[in-house]
Amino acid sequence: MRHLFRFKNKTRNHSNITSNDLNIDKQNIPEHIAIIMDGNGRWAKQRKMPRIKGHYEGMQTVKKITRHASDLGVKYLTLYAFSTENWTRPTEEVNYLMKLPGDFLSTFLPELMEKNVRVETIGFIDALPEHTRKAVLEAIEKTKNNTGLTLVFALNYGGKKEIVAAVQMIADLYKENKVTLDDINETTFNDYLFTKNIPDPELLIRTSGEQRLSNFLIWQSSYSEFVFDDTLWPDFNENNLEQAIKTYQERHRRFGGL
Ligand code: IPE
Ligand code: IPE
Ligand code: MG
């Protein structure tokens with residue numbers, strides 16, 4: 001028993017937690033769930049491990065949560081993996097984070113294919129190191145015909161820069177008389193964002209107890225329901241996801257009406 005426990009503790013990634021105990025309404029699953037995966041560093045620090053170990057474990061959580069979101073019938077799962085502000089971290093940590101997409105996709109692509117998951121990204125992909133960009137573009141290409149869950153990685157993503165880039169594109173077109181002032185509205189503005197083909201998230205989750213957006217989907221989350229979970233991302237599991245969905249289902253969304 002003792003041996004078994006230690007073994008289980010060591011592998012950590014395939015937890016036996018089952019759904020259903022929370023009785024979530026399977027007919028009212030958010031179409032788009034966005035997650036600010038936070039707390040990897042603190043998870044590692046608590047264990048006196050280097051921060052990158054926390055990021056490694058966080059990658060295992062990404063696999064687990066992707067599987068479960070797909071099983072629940074979620075259509076879009078957007079994961080904040082690297083912000084435009086995260087470049088200010090120590091070089092060693094940034095380098096490791098830039099290696100993760102390649103590691104993740106090379107080990108998980110067969111399962112993504114099996115589960116019919118399509119990979120997408122939002123963010124300034126061109127500014128990523130070549131090896132990171134290559135891994136991501138390859139996964140996008142290989143999964144482009146899959147019709148199940150769309151797994152969106154926000155990589156080098158920042159909401160303010162996204163909006164400024166959209167304004168620049170529109171200003172350019174205006175200068176060339178290709179758009180008029182009347183053409184610019186909330187719907188058309190959307191077409192210049194990274195998320196042009198993705199509906200706004202109904203549910204936005206942040207782990208680790210922090211309660212802020214940190215420049216994530218600032219336009220798209222205007223009417224999202226926010227759920228904050230104290231769990232550090234490497235410890236976040238299927239039950240936490242279902243709990244967040246349950247909280248979402250108990251909310252009354254009004255959109256300014258009554
Ligand atoms: C989130 O975990 C992952 C990324 C930002 C890449 P952190 O690395 O921010 O972990 P904490 O917040 O320091 O615990
Ligand atoms: C937000 O987390 C970015 C990602 C999860 C990728 P941070 O840890 O960078 O956010 P702050 O610095 O606590 O606001
Ligand atoms: Mg953090």
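The values are calculated or read from the model by the stated rules, or taken from the named source; none is laboratory data. Model, not experiment: these values are computed from the prediction. Positions of Cβ are backbone-derived with ideal geometry, glycine not excepted, and every protein chain shown enters the neighbour counts. We work out accessible area using only protein heavy atoms, side chains counted, and drop any ligands, DNA or RNA first. Shrake-Rupley method; radii C 1.70, N 1.55, O 1.52, S 1.80 Å.
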Gaussian network model of the chain, springs between alpha carbon atoms under 10 Å - residue of A135, A81, A69 with greatest fluctuation: A135
With every protein chain present, what is the per residue accessible area of the range 78-177 (1.4 Å probe, Å²)? 51 Å²
Non-local amide H neighbours of E202 (under 5 Å, H modeled in plane, Pro and chain starts lacking H): which ones? E31, H32
Unit-weight point scatterers at every alpha-carbon of the chain, Debye formula, q = 0.11, 0.13 1/Å: log10 I(q)/I(0) is -0.63, -0.88
Nearest 10 degrees, 0 to 90: what angle lies between the long axis of helix 238-250 and the longest principal axis of the chain (Cα atoms)? 50 degrees
Taking a cut-off of 29 Å between Cα atoms, list the lysines near K48, but don't count ones fewer than 8 places away on the same chain. K8, K10, K63, K64, K99
For the range 115-258, what is the number of Lys pairs with C-alpha distance below 17 angstrom, counting only pairs 8 or more positions apart or on separate chains? 7
Rounded to the nearest Å, what's the spacing between the alpha carbon centres of the range 69-90 and the range 186-258? Just the number, please. 12 Å
From the phi angles alone, apply the Karplus equation (6.51, -1.76, 1.60; θ = phi - 60°) to the range 161-175 and give each ³J(HN,Hα) in whole Hz, x where the residue is Gly or Pro. 5, 4, 5, 4, 4, 5, 4, 5, 4, 5, 4, 4, 5, 5, 4
Convert each backbone phi in the range 36-42 into a coupling constant with the Karplus relation 6.51 cos²θ - 1.76 cosθ + 1.60 (shift: θ = phi - 60°), then list the ³J(HN,Hα) values in order as whole Hz, x for Gly and Pro. 8, 7, 10, x, 4, x, 5
Going highest first, how would you order 167-176, 147-156, 49-58 by mean Cβ packing within 10 Å? 147-156, 49-58, 167-176
Could you give the distance between the Cα centres of the range 154-171 and the range 118-151, to the whole Å? 18 Å
Given a 1.4 Å probe and heavy atoms of the protein chains only, how would you sort F189, F255, largest accessible area at the top? F255, F189
5 Å-binned pair-distance histogram of the range 156-245 (Cα, whole percent): 3, 12, 19, 18, 16, 11, 8, 6, 4, 3, 0
Suppose we keep just the DSSP beta bridges with both residues in the chain; what percent of those would be antiparallel, to 5? 0 percent
For the range 217-258, what ratio Rg/Rh do Cα atoms give with a Kirkwood hydrodynamic radius? 1.05
Once phi for every residue in the range 139-144 is put through the Karplus expression 6.51 cos²θ - 1.76 cosθ + 1.60 (θ = phi - 60°), the whole-Hz ³J(HN,Hα) values, with Gly and Pro written as x, are 5, 4, 4, 5, 9, 5
Grab the DSSP H runs of the chain that are 4 residues or longer, score each as -39,500 (n - 2.57), total them, divide by all residues and round the 222 nm result to the nearest 500 deg cm²/dmol. -14000 deg cm²/dmol
Using only Cα atoms, what Kirkwood radius does the range 49-185 have, in angstroms? 16.5 Å
